[in-house]
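For reference, the structure is listed below as structure tokens.
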Amino acid sequence: MDMQLPDGIQVLERGWLSSNHIVFHDPELPTVVDTGYGSERAQTLALIQAALQGQPLQRIINTHLHSDHAGGNAVLKAHYPACQIIIPPGLQDAVTVWDEARLSYTATGQHCERFLHDAVLTVPGTLRLGAHDWQVLPAAGHDHDMVMLWCEALGILISADALWEKGFGIIFSELVGEPGFGRQQATLALIAQLSPKLVIPGHGAPFTEVDAALQTANSRIQWLMDDPKRNADNAIKALLAFKLMAHQRLSLADITQLIQQSQIFNTVMKAHYPDDPARLGEVFAQQLVKVGAALRDGDDLVLKS
């Protein structure tokens with residue numbers, strides 16, 4: 001990364017289990033954008049405490065509510081009771097009643113500790129983060145309720161999972177028969193129009209080679225559109241890999257159960273995969289081993305260190 005982050009903005013880069021945390025050091029309103037996955041909440045709290053150096057966190061902003069971006073909300077709120085949690089519009093009712101199906105946690109077999117939100121972002125709207133105004137922009141595709149944060153004065157875009165240096169998040173809506181590829185293309189077009197100097201993604205290091213990243217992402221979305229089964233393949237492998245990272249070891253029975261309970265195993269998915277869930281689990285277990293993401297130990301998959 002050639003461009004340095006301005007004073008007052010700190011990126012705490014995590015792995016693929018937890019999203020990055022973007023900390024805004026503000027003497028009056030210290031803020032973090034996105035809070036990682038629940039099983040890593042102790043590390044999330046420790047990282048935020050170290051970053052703030054004794055200053056209390058006052059605000060959490062979620063770009064979207066997937067478990068790897070909102071899983072630390074509850075622990076941070078418990079430690080900083082005055083902290084406000086602000087979420088994107090669209091699923092605020094589901095958060096209020098804690099509907100884990102609508103929030104995607106049931107379908108993905110992932111856990112997110114319950115939290116209550118204090119406010120909802122306005123999209124499009126403007127948000128003061130640190131010393132600058134940031135635009136809150138829609139970022140449909142990976143998650144149709146997701147937002148990006150754009151600071152024109154700094155030329156910095158917080159892209160969440162709309163754009164990574166080498167791709168973007170799974171297009172989940174296509175797995176349930178709803179349009180998503182075109183909406184992802186529109187989000188990429190919006191990013192190109194903004195022409196950011198620096199992108200802070202939801203996963204991976206901040207990057208300045210934005211044109212190259214957009215070219216990669218546009219090529220990938222076209223590749224997925226050419227054969228939607230590729231998106232389904234990616235989704236199942238990613239969900240299994242995520243579960244494996246969270247638990248370190250999965251049995252074939254665990255994998256079969258995840259596929260059975262998951263809402264992604266529906267009519268759309270069955271058209272791609274006529275095999276029963278047990279057979280499908282075995283196929284994808286073999287694929288994770290083949291790509292080097294896991295090792296086989298009898299009927300178990302073990303995370304490759």
Identify, please: which residue in the stretch 111-158 is of a type in the set (D, E, K, R) and not in a loop (DSSP other than H, G, I, E, B) and is, among those, farthest from His21 (Cα to Cα)?
Asp133
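In this structure, is Ala217 touching a strand residue (DSSP E or B) at 6+ places or on another chain (Cβ under 7 Å) and surrounded by 18 or more Cβ atoms within 10 Å (Cβ to Cβ)? Working first, answer last.
Details: touching a strand residue (DSSP E or B) at 6+ places or on another chain (Cβ under 7 Å): yes; surrounded by 18 or more Cβ atoms within 10 Å (Cβ to Cβ): yes.
It is true that Ala217 is touching a strand residue (DSSP E or B) at 6+ places or on another chain (Cβ under 7 Å) and surrounded by 18 or more Cβ atoms within 10 Å (Cβ to Cβ).
Restricted to the stretch 156-188, and to residues that are farther than 20 Å from Arg220 by Cβ and out of contact with any helix residue (DSSP H, G or I) (no Cβ under 9 Å at 6 or more places or on another chain), which residue is surrounded by the fewest Cβ atoms within 10 Å (Cβ to Cβ)? Let's see the steps before the verdict.
The first filter runs over the stretch 156-188 and keeps only residues farther than 20 Å from Arg220 by Cβ, leaving 156, 158, 176-177.
Next, only the ones that are out of contact with any helix residue (DSSP H, G or I) (no Cβ under 9 Å at 6 or more places or on another chain) stay: 156, 158.
Details: Ile156: 23, Ile158: 29.
The selected residue is Ile156.
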If the Cβ limit is 6 Å and pairs must be 6+ apart or interchain, which residue in the stretch 112-141 that is under 15 Å from Leu65 (Cα atoms) pairs with which residue that is in a strand (DSSP E or B) and not hydrophobic (A, V, I, L, M, F, W, C)?
Asp118/Gln84
Among Leu45, Leu5, Leu57, Leu12, which is among the aliphatic types (A, V, I, L, M), touching a helix residue (DSSP H, G or I) at 6+ places or on another chain (Cβ under 8 Å) and more than 18 Å from Pro81 (Cα to Cα)?
Leu12
Looking at (1) surrounded by 16 or more Cβ atoms within 10 Å (Cβ to Cβ); (2) free of Cβ contacts under 8 Å to residues at least 60 places away in the same chain; (3) within 27 Å of Gly125 (Cβ to Cβ), which one does Ala82 not meet, given that it meets all the others?
(1)
So, of the residues in the stretch 269-305 that are basic (Lys, Arg) and assigned to a helix (DSSP H, G or I), which turns out to be nearest to Phe172 (Cα to Cα)?
Lys270
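For the stretch 90-110, what are the residues that are in contact (Cβ under 8 Å) with a residue 60 or more places away in the chain and not in a helix (DSSP H, G or I)? Steps first, answer last, please.
Step one: list which residues in the stretch 90-110 are in contact (Cβ under 8 Å) with a residue 60 or more places away in the chain, which gives 101, 104, 106-110.
Matches in the stretch 90-110: Ala101, Ser104, Gly109, Gln110.
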Just need a number here: residues in the stretch 173-202 that are in a loop (DSSP other than H, G, I, E, B), at pLDDT 95 or above and among the charged types (D, E, K, R).
1
Number of the condition not met by Ile170 [criteria: (1) outside any loop (DSSP other than H, G, I, E, B); (2) touching a residue at least 40 places away in the same chain (Cβ under 8 Å)]:
(1)
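Do you know which of the residues in the stretch 189-207 that are touching a strand residue (DSSP E or B) at 6+ places or on another chain (Cβ under 9 Å) and not aliphatic (A, V, I, L, M) is surrounded by the most Cβ atoms within 10 Å (Cβ to Cβ)?
At the first step, the residues of the stretch 189-207 found to be touching a strand residue (DSSP E or B) at 6+ places or on another chain (Cβ under 9 Å) are 190-191, 194, 196-207.
Right, trim to not aliphatic (A, V, I, L, M) and you get 196-197, 201-204, 206-207.
Working: Pro196: 22, Lys197: 13, Pro201: 26, Gly202: 28, His203: 21, Gly204: 17, Pro206: 22, Phe207: 21.
Filtering first and then ranking leaves Gly202.
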Limited to the stretch 220-259, what total is found for residues that are assigned to a strand (DSSP E or B) and crowded, with 19+ Cβ neighbours inside 10 Å?
1
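The values are calculated or read from the model by the stated rules, or taken from the named source; none is laboratory data. Model, not experiment: these values are computed from the prediction. Glycine gets a Cβ as well: all are built from the backbone with ideal geometry, and neighbour counts include every protein chain shown.
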